[in-house]
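The values are calculated or read from the model by the stated rules, or taken from the named source; none is laboratory data. Here the structure is a predicted model, which is why all the values come from computation and not from measurement. Here Cβ is always computed from backbone atoms with ideal geometry, including for glycine, and neighbour counts include all displayed protein chains. To get the accessible areas, we keep the full protein, side chains included, count just its heavy atoms, and leave off ligands, DNA and RNA. Shrake-Rupley method; radii C 1.70, N 1.55, O 1.52, S 1.80 Å.
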Amino acid sequence: MTRKGLWVINIVVLVSLLGCMAMIYSLSAIPANFMLSCSSELFNHEVGVADSEHYLLVDLVSKDGLAQINYRYYDLQGNSAGTISMAGKVNKVDTQRQMFDIAVTTKQENVGLKGQEKPEHYEYLSYISGIHLNKNGQHSLSVQVLERDDTKDYAIVLFQPSNTVCGCRLVH
């Protein structure tokens, strides 16, 4: 084989490797921007009935790999029962399982009206995220799309570790 033939083969192999690397990167790249606006009726599994006193709104916004999650709790009269705001970065996206892994690094909590009972979900999320943030400075949050209808911009989403299933509007 001539020098020119080896040179051509080397170029073809190099271009193929670069193409493969670009494809792997594009499949694993974190989407730059997405937004979910979610709601859920709080449910107490121990009693088997809906928590008729509170409901939850969750907003998740990601821009350039950074994430902001706001949990807002309300009573049935529309009064705030507390908020938990978290911020961090999107670590990983599993496109096959439609799952986002978010590393939360900061959290801010605000209680509702004085004397108002906080929802159990608020108490649990506050507790578990506080343990993780105090222990290693990071709370892992996963968001998995269970069902999705792009024609209606709607999805059913599971938030973990809070074990919350919400109906979400996909905002483009």
| Hey, if we sort 86, 35 by accessible area with the 1.4 Å probe, largest down, what's the order? | 35, 86
| message | What does the charge count around residue 89 come to, taking other residues whose C-beta lies under 12 Å from its C-beta (Lys +1, Arg +1, Asp -1, Glu -1)? | response | 0
| Under a 1.4 angstrom probe, counting protein chains only, how are 84, 128 ranked by accessible area, largest first? | 128, 84
| Using a 1.4 angstrom probe with every protein chain in place, what is the largest-first accessible-area order of 54, 132? | 132, 54
| query | Excluding same-chain residues fewer than 8 positions from residue 89, which lysines have a Cα within less than 21 Å of its Cα? | reply | 63, 107, 135
| query | Restricting attention to the stretch 55-122, which trypsin sites (Lys or Arg not before Pro) occupy a DSSP loop and are surrounded by at most 16 other Cβ atoms within 10 Å? | reply | 97, 114
| For the stretch 68-77, in order, what is each residue's ³J(HN,Hα) by Karplus, 6.51 cos²θ - 1.76 cosθ + 1.60 with θ = phi - 60°, in whole Hz (x at glycine and Pro)? | 10, 10, 10, 9, 10, 10, 9, 8, 5, 8
